[in-house]
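Peer 1: Have a look at the structure that comes next, please.
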Amino acid sequence: RISWHAMTHDDDVAEGDLHGRAMPVLDNDDVDALARAVQPILDEDDAIRAWCTRANVERFLRADRGNLAKATKRLTDTLKWRIAERPETKVCAACIDKDLRSHYMNFVGWDRKGRALVFSDIGLAVDKSPSTNAAHCTQVLELLEPNLRPFPNDQYVWVVDFHQFSVYDMNPSVASACLGLFAKCYPERLAGMIMVGAPMLFNGLYRAVCAFADPVTVKKVRFVVGPDGKGGGKAFDVVMDEFFDAETKGWLRTEMMENRRRWKDVAKRKSWMAATFAGRGSTHGWWQGVQESGSKAATGGPEPPVEGEAGHDIRGCDSFVRCDAFKNVADAVRRRGANGRLTAQLVDLAPGDEGAVPEE
């Protein structure tokens, strides 16, 4: 078991090490040189100048292992992309306009080091498009950015549940779009990926992804047996205890087991976007009336809402939902998604009185 207190002093981290950081000590002259190289771009845009802190300059230099030329190109390209796209102002269009269940990848807590925890369930995502999945990844990472801890814990750990992985999830273009985004625009943010319950079917896709993925990213993958004993890898409890406290581990186990035991009546009606807009994450399906319901419309409309197990909140464990970081995330989502075709209708339908959209 790797001690999470340890930090490597080498130029890179060992395979399977989700705790160490490459180049913890940088040459200040190189950091200054990189900052000077992009200063003309910063002078033209207030928002970009505010984003490009010294910590971010250091992150890009670290990502290219001190190679100033490569770091200058990557940071320059990222700054131009941010100016063109303004990712800090957007939410996932598919999730607010098309289907509230389009994606299920969200910021839900912290690991033992204080790094952000991102959880996704592949089977719950109804949208399989590479471009919209990359757009949702951008949403998640932009919501994380203002809430991350200082170096060396300015990263996130991504837990991916594979329990409903199918042939419809075998498109390598989805992985390519997301991993490409991480490498180009969010380097040194991914601490590691914990893949839970991955079936044998995933092996072919994994080999294909490894062929084009950044080798550094490939090193950051751990495979873990699911909480139901399925899939390959290390024991579920051993890995969860290594990374998460008892409350967060309990949330992950409950979330995964609820999705397995109650797939048809609960899991398939979960929407993080609806839950976050409403301020309530344990009631599911109440929002179905805002979406076209197809054949259900002819038989009396959407099904009634259902409650999750023992008040389980899909937004995260209790301490996380009460913390300032989650409040920041919820406020940002409500502001940015207030005019979505679907989310604009959520406030009046939301259970309870916590659905008000805060003013800008």
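The values are calculated or read from the model by the stated rules, or taken from the named source; none is laboratory data. Remember, predicted model here, so these are calculated numbers, not experimental data. Cβ coordinates were reconstructed from backbone atoms using ideal geometry, including for glycine residues, and neighbour counts include every protein chain displayed. Calculation scope for accessible area: heavy atoms of the full protein, side chains included, ligands and nucleic acids excluded. Shrake-Rupley method; radii C 1.70, N 1.55, O 1.52, S 1.80 Å.
Peer 1: Looking at this model, which pairs from Lys80/Lys219; Lys80/Lys128; Lys90/Lys113; Lys70/Lys234; Lys219/Lys249; Lys113/Lys264 are more than 31 angstrom apart at the alpha-carbon?
Peer 2: Beyond 31 Å between Cα atoms: Lys70/Lys234; Lys113/Lys264.
Peer 1: If each of Ser129 and Lys268 carries a label point 7 Å out from its Cα toward its Cβ, how far apart are those two points in nm?
Peer 2: The two pseudo-label positions are separated by 2.3 nm.
Peer 1: Now, a different point. Taking all protein chains in place and a 1.4 Å probe, what share, in percent, of the accessible surface of the chain do carbon and sulfur account for?
Peer 2: Carbon and sulfur: 52 percent of the exposed surface of the chain.
Peer 1: Determine, for each peptide in 271-279, 97-105, 150-158, 36-44, the mean count of other beta carbons within 10 angstrom over its residues, then list the peptides with the highest first.
Peer 2: Top of the packing list down: 271-279, 97-105, 150-158, 36-44.
Peer 1: Whole-Å semi-axes of the chain's equivalent ellipsoid, largest first, each the root of 5 times a Cα gyration tensor eigenvalue?
Peer 2: For the chain, the semi-axes come out at 34, 25, 19 Å.
Peer 1: Let me ask you something else. Please quote Rg/Rh for region 92-151 to two decimal places, taking the Kirkwood radius as Rh and restricting both calculations to Cα atoms.
Peer 2: Dividing the radius of gyration by the Kirkwood radius yields 1.02.
Peer 1: Could you sort the peptides 108-121, 255-268 by per-residue average Cβ neighbour count (10 Å cutoff), highest mean leading?
Peer 2: In descending order of packing, they fall as 108-121, 255-268.
Peer 1: Per residue, how much accessible area does the chain have with a 1.4 Å probe, in Å²?
Peer 2: Dividing the accessible area of the chain by its residue count gives 44 Å².
Peer 1: Here's something else I'd like to know. Post the alpha-carbon centroid distance, region 64-107 to region 223-278, in whole angstrom.
Peer 2: Region 64-107 and region 223-278 have Cα centres separated by 27 Å.
Peer 1: Using the C-alpha gyration tensor of region 195-292, what are the square roots of 5 times its eigenvalues, in whole angstrom, with the largest one first?
Peer 2: 29, 19, 14
Peer 1: Which number do you get for Rg(Cα) / (2.2 N^0.38 Å) in region 28-145?
Peer 2: 1.24
Peer 1: Return the single residue from Ala55, Ala325, Ala191 with maximal mean-square fluctuation; model: Gaussian network over the chain, springs between Cα atoms under 10 Å.
Peer 2: For the chain, modelled as a Gaussian network with Cα springs under 10 Å, the answer is Ala55.
Peer 1: Checking the cross-link filter: which aspartates and glutamates have an alpha carbon closer than 16 Å to that of Lys98, excluding same-chain neighbours under 8 positions apart?
Peer 2: Asp127, Glu292
Peer 1: So between Asp30 and Asp348, what do we pick up on full extension, going 0.36 nm a residue minus the alpha carbon distance?
Peer 2: So the extension gain works out to 109.1 nm.
Peer 1: Then there's this: I'd like the FRET efficiency for Asp241 and Glu85, computed as 1/(1 + (r/R0)^6) with the beta carbon distance as r and R0 of 30 Å, rounded to 0.05.
Peer 2: Once the sixth-power term is evaluated, E becomes 0.15.
Peer 1: What list of ³J(HN,Hα) values in whole Hz, one per residue of region 112-125 in order, does the Karplus curve 6.51 cos²θ - 1.76 cosθ + 1.60 (θ = phi - 60°) give from phi, with Gly and Pro shown as x?
Peer 2: Listing the rounded values in order: 5, 8, x, 7, 5, 10, 10, 10, 9, 10, 4, x, 7, 7 Hz.
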